[in-house]
Amino acid sequence: MSLKGKHIVLGITGSIAAYKSATLTRLLIKKGAEVQIVITPAGKEFITPVTLSALSGKPVISEFFASGDGTWHSHVELGLWADLMIVAPATASTIGKMANGIADNMLITTYLSMKAPVFVAPAMDLDMYRHISTQRNIGMLRNDGVHIIDPGEGELASHLEGKGRMEEPEKIVAVVEQFLDSPNDLTKKKILITAGPTYERIDPVRFIGNFSSGKMGFALAEECASRGAEVLLITGPTALSLSHPNIRRVDVESAREMYDAAIKTFPEMDAAILSAAVADYRPAQWTDEKIKRREGEEITITLTPNPDIAASLGKIRKPHQLIIGFALETSNEESNAGRKMEKKNFDFIVLNSLQDKGAGFGYDTNKVTILSRKGEKHSFELKTKKEVAKDIIDTAFTTFENSK
Ligand code: C5P
């Protein structure tokens, strides 16, 4: 039901896949949406405005002015009218122009005036898609908060096989519906999330670290942001990227940097989710010269404790602030996790078990048990980290809000 009555600007560009836009228009209309099509001049070479206006029930917009009577097509008004913009198919050229603000046609000016969320479904030949320039532009759009609907693999118009086929219209509609259906129960909540490993320097080229990938914390950040929260993500070194505009990312390297960033920002937060695998110890000294190998000699690195970010936040928290911690235990899992929750003053602790296959560091899946201070226990199956993030937020926030 989520598309019913929604105003959608559908941008169509010059790709063979433009024939699929007719089906996409029909599906959106059937779901009850109002669709305003904006097509680039090249798009019209692939599918006619007559077909599209018949399907959408509205004149198709392509130029800045209507040639017959000189009526101005206002991209500003379209930006205000829309609940959502979808660009499908999006060519390499349009993606590049969107990323760089090259407003030389009606579609790009409409994009630049857009107040609503934007989805882009790329469609092009596999080499064009793989090209460093295209990937850079897609990365820029992601950073700008645009939702990229990745192309599928298969036979392309060039008869080559590979990645570049525009995602099927049914799938595009499903992605958009899922986005619209996600609850907005965290609107205006400010949430601090720590993620990833920390690196503790030994010398200029070496460090002590751990295998944390940051995937769980990033999934939590995306989940909270998609539910309306303003997220501050403080992350140790990771290769991951984010797509939601409501996530502010602060990159840190060591536990002490993470501690400083967390302590400074926590007072203004409604909640903190501490999923980082923070190093408990760091080398007591580090040299600014690379340590040289000395044949046959052992070296000793003395370790000194790092600040415990979680325990420090637990000490300064106010009653209205929710804290969710994580625990990775190798023995007496639940009782150790329970003790940790008390000691660090968490409301909830998410227990990851190292004994479960597919759970923990580096995997895309996780199996968790959530324990609450009130003694409740929720156990979940092995799921994707995205689904686990949803379970954590559903369980913790619902219980916390209901207890107020
Ligand atoms: O004591 P342990 O490291 O097992 O506790 C895990 C929980 O404490 C996690 O939520 C982790 O992010 C947090 N933690 C922290 N600062 C540390 C160590 C752990 O915030 N120095």
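A few comments on the model shown:
- 25 °C / 0.890 mPa s Stokes-Einstein diffusion coefficient of region 137-284, Kirkwood radius on C-alpha pairs, µm²/s: 141 µm²/s
- Bridgeable aspartates and glutamates around Lys383 (alpha carbons under 18 Å apart, same-chain partners fewer than 8 residues away excluded): Glu222, Glu223, Asp356, Asp364, Asp391, Asp394.
- Where GluC sites (Glu not before Pro) in DSSP loops with at most 12 other Cβ within 10 Å are excluded, longest remaining stretch of the chain: 64-288
- Here the relative contact order of the chain, from alpha carbon pairs under 8 Å that lie six or more residues apart, stands at 11 percent.
- Cross-link pairs beyond the 29 Å C-alpha cut-off, checked among Lys190/Lys374; Lys189/Lys367; Lys30/Lys189; Lys44/Lys115; Lys318/Lys390; Lys190/Lys377: Lys30/Lys189
- Average accessible area per residue (Å²) across the chain - probe 1.4 Å, nucleic acids and ligands excluded: 50 Å²
- Amide H to amide H distances under 5 Å link Arg282 with Thr304, Asn306, where only residues 5 or more positions off or on other chains count and H is placed in the peptide plane.
- Region 283-404: proportion of alpha-carbon pairs further apart than 25 angstrom, %: 40 percent
- Distance between the pseudo-spin-label points of Asn345 and Ser53 (7 Å out from Cα toward the beta carbon): 6.7 nm.
- Cβ-based charge dipole, the chain, positive-most Cα from Ser113, Ser21, Ser93: Ser113
- Column: log10 I(q)/I(0), Debye, Cα scatterers of the chain, q = 0.10 Å⁻¹: -0.78
- Our coupling estimate for region 212-226, obtained by passing each phi through the Karplus curve with A = 6.51, B = -1.76, C = 1.60 and θ = phi - 60°, is 4, 9, x, 4, 5, x, 5, 5, 5, 4, 5, 4, 5, 5, 5 Hz, Gly and Pro reported as x.
- Heavy-atom accessible surface of the chain: percent carbon and sulfur, 1.4 Å: 52 percent
- Estimated from helices alone, the mean residue ellipticity of the chain at 222 nm is -10000 deg cm²/dmol (sum of -39500 (n - 2.57) over DSSP H runs with n ≥ 4, per residue).
- Relative contact order of region 7-180, pairs being alpha-carbon contacts under 8 Å that are 6 or more residues apart, as %: 23 percent
- Rough spin-label spacing in nm, given labels placed 7 Å along Cα→Cβ, for Ser67 and Asp83: 3.5 nm
The values are calculated or read from the model by the stated rules, or taken from the named source; none is laboratory data. Remember, it's a predicted structure, so these values are computed and weren't measured experimentally. Using ideal geometry, Cβ is built from the backbone for each residue, glycine included, and neighbour counts are taken over all protein chains shown. Surface areas here come from the heavy atoms of the whole protein model, side chains and all, with no ligands, DNA or RNA. Shrake-Rupley method; radii C 1.70, N 1.55, O 1.52, S 1.80 Å.
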